[in-house]
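Readers should treat all values here as calculations from the given coordinates under stated rules, not as data from a laboratory. Note that the structure is predicted; figures quoted are calculated from it, not measured. Virtual Cβ from ideal backbone geometry, glycine too; neighbours counted across all protein chains shown.
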Amino acid sequence: MANSNPQQLNFTRSLIQSVNRNKIPFVYDFPYGEYRAQRNFFDELSRVQSQLIDNGKVRLGTGQEADLTSTGGLLALQIYMETVDSTKEAMIGLSKTGQKNDNKLWTLQ
């Protein structure tokens, strides 16, 4: 049988807390998570639009620069913006699901 004592497995409380803090951040307030998804999307849209107006080239989130005078650049921008939109929709969907589960939890008797 395996020993389940954390001290004997070299898991100190500070190590466990450090591991937990370095995980992916999670939004516990679901409406705020939906707000952040919308805000991130429109911030990115604004950034892309300003670069498009300024010089006709857009630096994508991957670091690649899309020249919008070429077909490839336009296609890259379209795929990038669809990805940004899909990410926003996924975050909103998770937020809505969390809200529904939270409501169910509070209404259980």
Low-density loop chymotrypsin sites (Phe, Trp or Tyr not before Pro), segment 33-109, at most 10 other Cβ within 10 Å, DSSP non-H/G/I/E/B, are none
In debye to the nearest 20, the charge dipole size for segment 27-96, taken about the Cα centre with +1 at each Lys and Arg Cβ and -1 at each Asp and Glu Cβ, equals 80
Scaled by the rule-of-thumb 2.2 N^0.38 Å, the alpha carbon Rg for segment 27-96 gives a ratio of 1.25
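Subtract the Cα-Cα distance of L94 and N55 from 0.36 nm times their separation in residues, and report this length gain in nm to one decimal. Walk me through the numbers before you get to the answer.
Values: separation 39, 0.36 × 39 = 14.04 nm, distance 3.63 nm.
Full extension from L94 to N55 adds 10.4 nm.
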Expressed in nanometres to one decimal, the distance between label points 7 Å along Cα→Cβ at T87 and S46 is 1.7
In the neighbourhood of Q38 defined by beta carbon distances under 12 Å, the net charge of the other residues (Lys, Arg +1; Asp, Glu -1) is -2
Note, A66: beta-carbon cut-off 9 Å, +1 each Lys/Arg, -1 each Asp/Glu, net 0
